[in-house]
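What follows is a single structure, written as structure tokens, with notes after it.
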Amino acid sequence: MSFTQKEFSTPPPHPPAGTPQNAESALPWYSIAPGVWEFLLNGDPEHKAALQWWEPNAVSAQTEPITHTYTEEVCTLRGGLEDVTLGKTWSIGSYAYRHPGMEHGPYRASEEGCLQFVKVMPVSDEK
């Protein structure tokens, strides 16, 4: 996949709530689950950086805690997201570092939705 440099002071507006998952009008955002959208900031799938938009009151597609094989960093830019398992809400300015195998979620967005910066990185084989 080729890399296309992206620079902006204001990100492209996220799709309005209720936009169908496969709507071309949502581009450059794409749906990753009902009510959850991503705007890919780079073209490297192993070191993905994206903006993630959760529509107001959107809930995770998963009903059980989530784990994955990569490291994930998340910073909340607008709104909030509740970790239903923990009963804790993450709001503007919150940051999470999730190592591989760490359980988290499922989630529910606040009434205003949630905009996050998400970075994923593979686990290094080097020690």
Tally of residues being open to solvent by 60 Å² or more (accessible area, probe 1.4 Å) and within 9 Å of His104 (Cβ to Cβ) across region 63-89: 3
Residue tally, condition under 12 Å from the mean Cα position of the chain (by Cα) and either surrounded by fewer than 18 Cβ atoms within 10 Å (Cβ to Cβ) or over 20 Å from Ala33 (Cα atoms) (or both), over region 97-118: 2
Qualifying position, being in contact with a helix residue (DSSP H, G or I) (Cβ under 7 Å, 6 or more places away or on another chain) and touching a residue at least 12 places away in the same chain (Cβ under 8 Å), among Met102, Met121: Met121
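Let me confirm something: among Ser60, Ser94, which residue is over 24 Å from Ser124 (Cα atoms), touching a Gly at 6+ places or on another chain (Cβ under 9 Å), open to solvent by less than 60 Å² (accessible area, probe 1.4 Å) and free of Cβ contacts under 8 Å to residues at least 24 places away in the same chain? Can you show your working first?
Working: Ser60 fails: free of Cβ contacts under 8 Å to residues at least 24 places away in the same chain.
None of the other options fit; the residue is Ser94.
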Identity of the residue in region 13-45, out of contact with any Phe, Trp or Tyr (no Cβ under 8 Å at 6 or more places or on another chain) and not in a loop (DSSP other than H, G, I, E, B), that ends up surrounded by the fewest Cβ atoms within 10 Å (Cβ to Cβ): Glu24
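The values are calculated or read from the model by the stated rules, or taken from the named source; none is laboratory data. What you are looking at is a predicted structure, and each value in this text was computed from that prediction instead of being measured. Reconstructed Cβ throughout: ideal geometry from the backbone, glycine too, with neighbour counts over all protein chains shown. The area values use the complete protein model at the heavy-atom level, side chains included, leaving out ligands, DNA and RNA. Shrake-Rupley method; radii C 1.70, N 1.55, O 1.52, S 1.80 Å.
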